[in-house]
Amino acid sequence: MSRTEAPPGIHGPAPEARVNRRPAAAPAVERQFRGIPISPGIAIGPAYGSSEPPAVVTRQKITAADAEAEGARLDVAIAQSRKQLGKLRARLAFLPEDSQAEIGPLIDAYLHMLGPSRLIRGAHRRIAEGLVTAETAVNEEADAIGVAILATPGDEGTGRRRRAEEVHEIARRVLRNLTRQPFQSFANLPQGAVLLAEELRPADAALIDPARIAGVAAAEGGREGHAAVMLRALGLPAVLGAAGLTEAVRTGQTAIVDGTTGTVTLDPSPASLAAARRGFAAFARERARLGRLRRLAAETADGQGVELQANLELPRELPLIANAGAAGIGLLRSEFLFMNREKLPDEDVQAEYYRGVVEAMEGDPVTIRVLDWGGEKEIEALAAASIVPEFADANPALGMRGIRLLLCHTELFETQLAAILRAGVAGPVRILLPMVTTLAEVRAAREVLERVVRRLRRRGERLPEPLPPLGIMIETPGAALAADAFALESDFFAIGTNDLAMYTLAVDRSTAEVAPLYDPLHPAVLRLVQFATEAALRMRRPVSVCGEMAANPRFTPLLLGLGLRSFSMNASAVPRVKQAIRALRADDCARLAHHIMERADPEQIRALIETFPVPSP
Ligand code: PEP
Ligand code: MG
């Protein structure tokens, strides 16, 4: 199917694509998948299906005393696998009927194998009798079943091979859930590979090296989930929520990820390939043009200065920030320092990391947000230290997360505050509290901070003078609506529109199915932003926007019109937003904001935003 023939929606896999690996001789027919555009740009390269390589399992023995716990671990991984497949099944409704008919039975077969099947019974027996780890048990049982299937007489060879491959495929899924390190092999990907996954956790995204991987697409995920945030931060062309993608991918085939339009093309036709190459070149030219804005001031056409800062998740983003011309870091998401490691980083490790960032900013301020664990941000080291349960609560977005967790585990909080204070002697830092909903949390956090200051003084540590300001994220409706009271207790606000929109609209930010409902232009969200901004301005508290809304130059006139003058965003968005700011006049923006805030219909608001002229600077 050619690119131009593709109707809106998704093209399912060809009939022969029942399993991930189709026969090599299958004719390459272009297929296109529509998803959510996450990070602009075009990637062309060999596909790498993340479920392809079996997790490396070395045979490991356990003791008889551990067998029961090992069996329980296997059960948890099976439950997790069933949950994932259940989600995939629910998403079939988004595929055309022929693809539903094709993939549905396959998912059912997988779900069946996760029941009391030979694979699962056999794996449990191997743990109990052979005293091996769950990984080894699953691997060995899948191998044994595969061999038995292939040796069964009286069946056609391709059918047997396919059934054996299905057993291995489901075993791989259980293994990935057992090891919980699904993408360790990222480092071995061929240069320029396009990563095509079922789902990308924020911790997986943190392992991606943008110098090696050309682009990313996944079947799951929403626009403002943390994996999406990471992909934008890395400046990688990316598409999420492309239903049907995983079932069709064959490692090694050519793939195009167009992060601007939200399409993924497998085995592109020569015409599609040529169009993608032209798009790639045009994007590179545009990036070079925007790069020239780096040294120009971020000020409106009528001379109002605006602070443009970068969000930082990983140290590897630092050069991008320097190139983008950002004036400091408005949000350092420290949770990424805690991910993908066995042990929690201690005070020295953290202090060194923060100091490195502060020094790299050469005097520009760095706002460090203390650990915001919760929701989709899984951190294995916290589970290993028994600080959080290994598997999340039924409703993790509303549970023990952000500042709540830190105030329960003050040892974790104190360690991080001590590290930030020590780094603060290298340059200006601010401390930001996540997921605040009550004044008591701010007061308690300040007390902990004062205690840590006293302890460091006793230890003879050098501390910054004055001490870093303590601010809060405004990212829940509760915090936004009580912003006037919070302004009395906190030194600054950072408005997190990602969670603010999620909690206001009751729409998960990383779930593809409800992505169309996730709308930061909903009047309820805008009114909360306005209320919080006005409270801060009245009380003369610095206020910024650090959610993804700040990164969209289409929203810049509205945000300026609401009185905001400080934005923090992924580094690659800074030049585009700066370009918009330089073209705008503050009084025009104020008029636009006034009109918008009188409206209650998101469509009318969108129309006002889209038709508002942003002149060329
Ligand atoms: C937000 O919620 O808008 C925010 C900036 O925080 P995070 O995206 O890390 O949840
Ligand atoms: Mg948030």
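The values are calculated or read from the model by the stated rules, or taken from the named source; none is laboratory data. Since we're looking at a predicted model, the values are computed, not measured. Reconstructed Cβ throughout: ideal geometry from the backbone, glycine too, with neighbour counts over all protein chains shown.
So here's what we get for this one:
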{"quantity": "Some residue of segment 29-46 being modelled with pLDDT under 90 and either surrounded by 14 or more Cβ atoms within 10 Å (Cβ to Cβ) or not polar (S, T, N, Q) (or both)", "calculated": "yes"}
{"quantity": "Count of segment 493-532 residues which are within 23 Å of A440 (Cβ to Cβ) and either outside the structural domain of H595 (by TED's automatic domain parsing) or more than 14 Å from ligand 1 (Cβ to nearest atom) (or both)", "calculated": "1"}
{"quantity": "Residue match in segment 250-259 (condition: over 18 Å from S39 (Cα atoms) and among the small types (G, A, S))", "calculated": "yes"}
{"quantity": "Condition check for L398: surrounded by fewer than 19 Cβ atoms within 10 Å (Cβ to Cβ) and modelled with pLDDT under 95", "calculated": "yes"}
{"quantity": "Subset tally (residues that are surrounded by 24 or more Cβ atoms within 10 Å (Cβ to Cβ), out of contact with any Asp or Glu (no Cβ under 7 Å at 6 or more places or on another chain) and aliphatic (A, V, I, L, M)) for segment 407-420", "calculated": "2"}
{"quantity": "Selected residue (only one of G356, G291 is in the same structural domain as I420 (by TED's automatic domain parsing) and either in contact with a Ser or Thr (Cβ under 6 Å, 6 or more places away or on another chain) or among the small types (G, A, S) (or both))", "calculated": "G356"}
{"quantity": "Residue list for segment 558-605, restricted to those being at pLDDT 95 or above, part of a helix (DSSP H, G or I) and of a type in the set (D, E)", "calculated": "D587, D588"}
{"quantity": "Members of segment 372-409 found to be more than 12 Å from ligand 2 (Cβ to nearest atom) and within 17 Å of the chain's Cα centre (by Cα), listed by number", "calculated": "E378, I379, E380, P396"}
{"quantity": "Residue that is nearest to G375 (Cα to Cα), among those in segment 413-451 that are of a type in the set (D, E, K, R) and in a helix (DSSP H, G or I)", "calculated": "E441"}
{"quantity": "Residues of segment 490-508 classified as within 13 Å of ligand 2 (Cβ to nearest atom), hydroxyl-bearing (S, T, Y) and not in a helix (DSSP H, G or I), total", "calculated": "0"}
{"quantity": "Exclusive hit being touching a Leu at 6+ places or on another chain (Cβ under 8 Å), away from ligand 1 (no atom under 16 Å from the Cβ), farther than 26 Å from R355 by Cα and in the same structural domain as W373 (by TED's automatic domain parsing), set E475, E489", "calculated": "E489"}
